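First up is the structure itself, then whatever we jot down about it.
Taken together, the values in this text are just the output of simple stated rules run on the coordinates, not laboratory data. Note that the coordinates shown come from a computational prediction; the quantities given were computed from them, not determined experimentally. Reconstructed Cβ throughout: ideal geometry from the backbone, glycine too, with neighbour counts over all protein chains shown.
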Amino acid sequence: MKIIFRGTRGTSPSSGEGFVKYGGNTSCVEVKLRDMQLFFDAGTGISSYRVDEGESPVSNKYFIFLSHLHYDHIQGLPFFAPMFDGASEIHIYGSSSGGLSLQEAFEQFIRPPYHPLSRTNYPAKIAIHEIGPGEIINPGEHIQKGESEHSKREDCRIETFALQHPGGSLAYKLTDSETGKTFVYATDTEMPRGERKRALVDFVRAVNLLVVDSFFTDAEMRGELDGKDKRDWGHMSFEEAVELASLAEVEQLALFHHHNKRKDEELDRLQERARALFKASFCAYDNQLIEI
Ligand SMILES: [Zn+2]
Ligand SMILES: [Zn+2]
């Protein structure tokens, strides 16, 4: 499977000097699994996708899995090119939040006066699937394999897990049914404690690629730089992200959801420190392509 990091920032987009190497788009990771196109979160990074990048024969079908509905994870959705294509079928998965169903949240977010279009103005066919933690999803059930109506494809299995973040957030684990390769997308989250920490370690155990929140450093989290303790702000430090990867013995660790003010040089230094502790780690950058 091919992984394309379309946006690797957290909180808000960044640009200018110091944001060239790692980029400034907010969270979105695309997974190309043979002819399937899946996206984890729809931050500003998703707006870099072009419809003509798709591959036949199911290139008109797109699967978007939202961790949660904070702006940095949905802001690119109104500009996702397939939404403007009448041939597209877009399946959006995510949780209800803030007293709104996913459908209600979607309709409130994409409408005037916040945006010129509302959902019904988009030519694409959009299906909303409300999900929660502990579910197993087969996106292939929306793609037929053969003539029979009951023969649905099973390209992959996607499991969900509840993260620790204000308002909640979902982690996703994708397992390729053909090769058994695994990918976990886990942002935004604090490092849970006790039993919940053990459950998170189990969820990511030995995966081929772990993409995880590393918004703060331990020193920032303790408030050493600005006197503000950020331990319950719903994010991990990069030291905790490295610890999670080590405990779970993952194959590769992608440090992700970079602080919006963290410049290239600092990310380079963090990457070096991370590699000293866990060799197979890297700070993900916008438009990075890796294959697992
Ligand atoms: Zn975020
Ligand atoms: Zn968030």
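Qualifying chymotrypsin sites (Phe, Trp or Tyr not before Pro) in the stretch 203-292, where qualification requires a DSSP coil assignment and no more than 15 other C-beta atoms within 10 Å, comprise Trp233. Across the stretch 165-177, computed HN-Hα scalar couplings (Karplus, 6.51 cos²θ - 1.76 cosθ + 1.60, θ = phi - 60°) run 7, x, x, x, 7, 10, 9, 10, 10, 9, 10, 6, 5 Hz from first to last residue, x flagging Gly and Pro.
The alpha carbon gyration tensor of the chain gives principal lengths a ≥ b ≥ c with a/c of 1.5 or higher and a/b greater than b/c, which makes the shape prolate.
Calculated FRET efficiency, Leu100 to Arg193, Cβ-Cβ distance, R0 = 35 Å: about 0.75 to the nearest 0.05.
Counting Lys and Arg as +1 and Asp and Glu as -1, each charge on the Cβ, what is the dipole of the chain about the Cα centre in debye, to the nearest 20?
Details: 33 positive and 45 negative charges, 20 e Å.
I would put it at about 100 debye.
The trypsin sites (Lys or Arg not before Pro) of the stretch 194-280 that meet both conditions, a loop assignment by DSSP and at most 15 other Cβ atoms within 10 Å of the site Cβ, are Arg205, Arg222, Lys228, Arg231, Lys261, Lys279. In the chain, the longest principal axis of the Cα atoms and the axis of helix 194-204 are about 50 degrees apart. The amide H of Phe161, built 1.01 Å from its N in the peptide plane, has Gly134, Ala171 as neighbours under 5 Å, considering only residues 5 or more places off or on other chains.
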